[in-house]
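Below is a structure I'd like to ask you about.
The values are calculated or read from the model by the stated rules, or taken from the named source; none is laboratory data. Source: prediction; values computed, not measured. Glycine also receives a Cβ, built like all others from the backbone with ideal geometry; neighbour counts cover every protein chain displayed.
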Amino acid sequence: MSGIFCLRLPPCRRAVRVAACLLILLNAGAALSPGQPSNTLTNKWEIKVGWCDDCPAIGEDGTIYLGSFSEKLWAVSPDGKPEWSFRTGSDIRSSPAIGRDGTIYFGCRDSKFYAVNPNGKKKWEFTTGAWVDCSPALAQDGTIYFGSWDKRFYALDPDGSLKWVFTTEGEIESSPAVGADGTIYFGSHDKKFYALTPEGRKRWEFATGGQIISSPALTGEGVVYFTSVDGFFYALSEDGDLRWRLHTGGATESSPVIARDGTICVGVNNRLCAFVPDGKKNWERQMAGLIEATPTILADGSVYAVSRYGDLTGWDAERQVAWSFYMYNYGHGMPAVGAGGTVYVPGKYILLYAFDLHAPLARTPWPKFRANSRNTGNVKDTGF
């Protein structure tokens, strides 16, 4: 493991060293009072749904779906009313993905992968050999891809039957990405990054110096970005050739996202960093706490991120702080963006927040975790 992580012992989450956390908090400066927004940020509503550690998915009708550590998948209306909840056998860390027919797919720590109908009734379940923290990706033909802590990567048909399985030498929590040609990309705890064909054959693998726990971002033009806990940020071609490797010195769980001009943003320790496509650093901003959540880019050019300390901050197109909101001392779940510009952010104390930012998700190949509001992880799937 990288030096900034403690040993992971199930069922505890990965943790950074206490000393590093204390140092970041001491250097962060004064935070906002709990729940108090600055500037013009408006908190539309908040709802208790259980401690959430994933990224909500948004359906075509605006319904918000998210999993929680209360062993439930929740469906919440755009005005903040619970519509239904679906109970599982353990915690949910996998972010749900929504199929074209409205089916909600997600994994669970009860070692099962679920498909749930839009009315909250179970469609089917598939049993694996260990936790499923990995968020699924959906192919254009409806195939569902995900990995498990049993070291296997699965492909299922839309009816829940096994299509194929690919075995790695390490646990898989890196969520897959589907390229324009159908290639599936993901990382593993075996320190390798994989590219598989839609038939489940290995196209290539790329070795790094550490476990790969973050998820890749795709440009749609043959470039794949990802990080490793070896402290490097990688850019590969679609053939697996190294374009560049940048030493960031950080090993958090934040995954990269891509802006309209090709700039790549990612969280590194307590800094939000931006790099131009040739690998040079463009800018960076410091936050109050480690950034493990993936940042998000809006259509107006603004970018926002959540720190583990609970600070939700947005920077405008000139990279000046536009607003900030303190979410009661914890932030790991990743924001989702509705069509009208409402941002939904999971917080620590069993809350889902809704903020009106008046700008929809940016129209780029990969502006957020899982690429789009339905969380399909597919570079060709740009909308509902």
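So which strands (runs of 3 or more DSSP E) stay within segment 173-214 end to end and still have 3 or more residues that are within 21 Å of the chain's Cα centre (by Cα)? Quick ask: steps written out before the conclusion?
Working: elements: 184-187, 192-196, 202-207.
Filter on segment 173-214 gives 184-187, 192-196.
If we keep just the residues of segment 255-306 that are in contact with an Asp or Glu (Cβ under 6 Å, 6 or more places away or on another chain) and within 21 Å of Thr219 (Cβ to Cβ), which is surrounded by the fewest Cβ atoms within 10 Å (Cβ to Cβ)?
The residue in question is Ser302.
List the number of the failed condition for Gly129; all other conditions in (1) over 20 Å from the mean Cα position of the chain (by Cα); (2) within 24 Å of Leu196 (Cβ to Cβ); (3) not in a loop (DSSP other than H, G, I, E, B) hold.
Only one criterion is unmet by Gly129, namely (3).
Which of the residues belonging to segment 292-312 are in contact with a Leu (Cβ under 8 Å, 6 or more places away or on another chain) and over 26 Å from Thr382 (Cβ atoms)?
Matches in segment 292-312: Ser307, Arg308, Tyr309, Asp311.
Specify the residue that is farthest from Tyr145 (Cα to Cα); the eligible residues are those in segment 76-131 that are among the aliphatic types (A, V, I, L, M) and buried (at least 23 other Cβ atoms within 10 Å of the Cβ). Give the steps one after another, and end with the answer.
So in segment 76-131, the residues among the aliphatic types (A, V, I, L, M) come out as 76, 92, 97-98, 104, 115-116, 130.
Now narrow it down to the ones that are buried (at least 23 other Cβ atoms within 10 Å of the Cβ): 76, 92, 97-98, 104, 116.
Numbers: Val76: 25, Ile92: 17, Ala97: 11, Ile98: 13, Ile104: 13, Val116: 16 Å.
If we take residues in segment 76-131 being among the aliphatic types (A, V, I, L, M) and buried (at least 23 other Cβ atoms within 10 Å of the Cβ), then Val76 is farthest from Tyr145 (Cα to Cα).
A further question follows. What number of residues in segment 165-189 are surrounded by fewer than 18 Cβ atoms within 10 Å (Cβ to Cβ) and farther than 16 Å from Thr376 by Cα?
So the count comes out to 4.
Within segment 238-259, work out how many residues are part of a loop (DSSP other than H, G, I, E, B) and modelled with pLDDT of 95 or more.
We begin by selecting, within segment 238-259, every residue part of a loop (DSSP other than H, G, I, E, B); these are 238-241, 248-256, 259.
Then drop every residue that is not modelled with pLDDT of 95 or more, which leaves 239-241, 255-256, 259.
So the answer is 6.
Name the residues in segment 236-264 that are more than 16 Å from Trp283 (Cα to Cα) and among the basic types (Lys, Arg), would you?
Arg243, Arg245
Step by step: first the residues of segment 46-70, then only those that are outside any loop (DSSP other than H, G, I, E, B) and free of Cβ contacts under 8 Å to residues at least 60 places away in the same chain, then the one that is surrounded by the fewest Cβ atoms within 10 Å (Cβ to Cβ). Which residue is that? Even if it seems obvious, please write down each step before you answer.
Of segment 46-70, the ones outside any loop (DSSP other than H, G, I, E, B) are 46-48, 57-58, 64-67.
Cutting the leftovers down to free of Cβ contacts under 8 Å to residues at least 60 places away in the same chain gives us 65, 67.
On the way: Tyr65: 27, Gly67: 34.
My answer is Tyr65.
Show the residue pairs that are 6+ apart or on different chains and have beta-carbon atoms under 7 Å apart, the first residue being within segment 315-339 and over 25 Å from Pro78 (Cβ atoms) and among the β-branched types (Val, Ile, Thr), the second being buried (at least 18 other Cβ atoms within 10 Å of the Cβ) and at pLDDT 90 or above.
Taking only residues 6 or more apart or on different chains, the pairs are Val321/Thr313; Val321/Trp315.
Which residues, taken from segment 313-332, are at pLDDT below 90 and touching a Phe, Trp or Tyr at 6+ places or on another chain (Cβ under 9 Å)?
So in segment 313-332, the residues at pLDDT below 90 come out as 323-332.
Within segment 313-332, Trp323, Phe325, Tyr326, Met327, Tyr328, Asn329, Tyr330, Gly331 qualify.
Moving on to the next point. Of everything in segment 337-378, what is closer than 17 Å to Glu221 by Cα and either modelled with pLDDT under 95 or surrounded by fewer than 24 Cβ atoms within 10 Å (Cβ to Cβ) (or both)? Give them in sequence order.
Hits for segment 337-378 are Arg363, Thr364, Pro365.
Considering only segment 209-219, I want to know if a residue exists there that is crowded, with 20+ Cβ neighbours inside 10 Å, touching a helix residue (DSSP H, G or I) at 6+ places or on another chain (Cβ under 9 Å) and polar (S, T, N, Q).
As a first pass, look at segment 209-219 and keep what is crowded, with 20+ Cβ neighbours inside 10 Å: 211-219.
Among the residues that remain, those that are also touching a helix residue (DSSP H, G or I) at 6+ places or on another chain (Cβ under 9 Å) are: none.
No, segment 209-219 contains no residue that is crowded, with 20+ Cβ neighbours inside 10 Å, touching a helix residue (DSSP H, G or I) at 6+ places or on another chain (Cβ under 9 Å) and polar (S, T, N, Q).
Would you mention how many residues in segment 310-330 are crowded, with 20+ Cβ neighbours inside 10 Å and in a loop (DSSP other than H, G, I, E, B)?
Adding up the residues that qualify gives 2.
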